[in-house]
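One structure is given here, and the rest of the page talks about it.
What follows is calculated from the coordinates using simple rules that are stated; it is not laboratory data. Quick caveat, the model's predicted, so the values are computed rather than measured. As a convention, Cβ positions derive from the backbone with ideal geometry for all residues, glycine included, and neighbour counts pool all protein chains shown.
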Amino acid sequence: MNLLMLRDVDAFYAQAQVLHGVSLEIGKGERVAILGRNGVGKTTIVNAMLGIASVRGGSISFGAETPRRLRHFTAARLGVAVVPQGRRIVPGLTVRENLLLGAATERPGPWNCEAVFGLFPVLRERAEIPGPSLSGGQQQMLAIGRALMANPDLLVLDEPSEGLAPVIVDELADTLVRLSAAGTSILLIEQNFSLVHRVAERYYVLSKGTIVESGSLAGLSVEVLKKHIAV
Amino acid sequence: MLIQILNGFVYGGLLYILAVGLVLIFGLRRVVNFAHGGLFMLGAYIGYTIASIAGFWVGLVASVTVLAVLGVVMDRVVFRPLQDEDPIVTMLVTFGILLVLEDLVRTIWGKDFLTLKPPAGLDGIIMLSGSSFPVYRLAVIALAVLVAGGLSLWLRSSRVGLHVRAASVDPVTTAMQGVDTERLGATVVAIGAALAGLSGTIAAPLLALSPSMGSFILIDSFVVVVTGGLTSFTGAFVAALLIGQLHNLGVVFVPAAASVIPLVLMVLVLLWRPDGLAKKRS
């Protein structure tokens, strides 16, 4: 069974159509990337799942469920947790409180504050300070930790490498591979190929709101790469 | 002097209970709720009527309950359908509700000033450093402290409280974590309205009941909310106590300028800290 499936999705912001018949699927245990340049609609895929962009054609399924109305909270409750672009650490809450916010779904599973601190020990040391005073890399850990607190089947990361130093991106890649080995599937939305090739096994290429290429990462040609993402 | 300061705390306490409801509603719904003064006034009248029949405490509970229900209705019928509109639209609608409530109360209860007696047991007088002071007023101060303590405990250490704080700063991110912010919003508006009912009823033995009592106190509550920093509960508490004192000292020493003093304070605070008392100067 697929954890996430988009079927012929047309997504809009007000009257502007951004996604045109996008179909994709991510199964259990998979690590998949969506590639594409800025402005082709990558984040709109996430926003469509979250009910931020409006889906006026096609359908989005989370596991066995195809909700008729997508609310902001629907995906998280159905096992798909998002690490949003820009991380969106909530100001005014401590690191620990940001993590606890992620547990709002009350889905059962292995993740709690202790488990997240085990994965990212630096967050334990800084648990009681305000979330936004963390460094960029630590904020990314917090955003991933917060998503894990929902005990998701699938983790969706939107441009997680944005603004991070290359060495931190390498650590991020290791973390994602480890999470996937522990049973969480990964959907990586990225234009940073050095992260994608370390993590993903399969890819989709998005261009002008449409999926134009897909396949296994091993078979991804240099021409496709050059044409659709900056390397 | 002690008596004057205590009286300042009484008014500050009332203001706090009213203003913290405004802060809650503004945080979750981003609505400047002019109807809040109307809810305060309606709470006072409902409390008055039920208290005259069934006693003060039943009146208090009834007023809080009715206002909470009214809060849910208002959220459903007004705030939610208008949440994507220009904030000025919602503000005008809440102002309209205030006017409607005032006329409604005038029609049902009339224009005459009404007064409610304090409950038995709290209707006495105690001597404080040589002057007499009504016990009921001390009870109002205690209740305000209790509300502040209870709210802060709820917001700091409960799960729903965490969701309320998070949704006040970033509703979309909060909802993305799986929180139903619509339902949370309704809960919070209900609590805000219930607090307006609470402060209206406990104000009934202190202030003369009139349909316009809500508009008067609403101005001071807005001053409290703005001075405190719009979304800050602690800021509202400090600002309410401050405004309470100033209002009261103004009434005693410079009656002609009493109603201007809180506004002057607001202007000064905003010049000093443009985001209110609770926020550090940027």
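Tabulated data
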quantity: Most mobile of A:Q15, A:Q140, A:Q191 in a GNM of chain A (Cα contacts under 10 Å); calculated: A:Q15
quantity: Computed helical MRE - 222 nm, chain B, DSSP H runs ≥ 4 contributing -39500 (n - 2.57), nearest 500; calculated: -24500 deg cm²/dmol
quantity: Net charge of Cβ neighbours under 13 Å - reference B:T174; Lys, Arg +1; Asp, Glu -1; calculated: +2
quantity: For region A:166-192 and region B:1-70, distance of Cα centres in Å; calculated: 52
quantity: Förster-model FRET efficiency, 35 Å R0, B:F95 and B:A54, C-beta, rounded to 0.05; calculated: 0.55
quantity: Volume in Å³ per residue [convex hull over Cα atoms, computed for chain A]; calculated: 116
quantity: Net length gained if the chain between B:A142 and B:I125 were fully extended (0.36 nm per residue, minus Cα distance); calculated: 4.5 nm
quantity: In Hz, Karplus ³J(HN,Hα) per residue of region B:252-261 (6.51, -1.76, 1.60; θ = phi - 60°; x = Gly, Pro); calculated: 6, 9, 10, x, 5, 10, 4, 6, 8, 4
quantity: Most fluctuating residue given options A:G163, A:G36, A:G51, as computed from a GNM of chain A linking Cα atoms under 10 Å; calculated: A:G163
quantity: Karplus (6.51, -1.76, 1.60) ³J(HN,Hα), θ = phi - 60°, over region B:127-143, in Hz, Gly and Pro reported as x; calculated: 8, 10, 6, x, 10, 8, 9, x, 4, 4, 5, 4, 5, 5, 4, 4, 5
quantity: Neighbour cut-off at most 10 other Cβ (10 Å), DSSP loop, trypsin sites (Lys or Arg not before Pro), region B:68-156; calculated: B:K111
quantity: The protein assembly as shown: mean projected area of Cα convex hull, nm²; calculated: 27.6
quantity: Residues whose placed amide H lies under 5 Å from that of A:S23, excluding near-sequence neighbours; calculated: A:D8, A:V9, A:I211
quantity: Shielding score for B:168-175, defined as the mean number of other chain Cβ atoms within 10 Å; calculated: 6
quantity: Paramagnetic reach from A:R178 (point 7 Å along Cα→Cβ, amide N under 11 Å) across region A:119-137; calculated: A:119-122
quantity: Extension gain, B:V252 back to B:M1 (0.36 nm per residue minus Cα-Cα distance, nm); calculated: 89.3 nm
quantity: Peptide A:70-76 - average C-beta neighbours from other chains (10 Å radius); calculated: 5
quantity: Where labels lie 7 Å past Cα in the beta-carbon direction, separation of A:E65 and A:N38 in nm; calculated: 3.6
quantity: The protein assembly as shown: antiparallel DSSP beta bridges as a percent of all, rounded to 5; calculated: 60
quantity: For A:R87, net neighbour charge (Lys/Arg +1, Asp/Glu -1) across residues whose Cβ lies under 13 Å away; calculated: -2
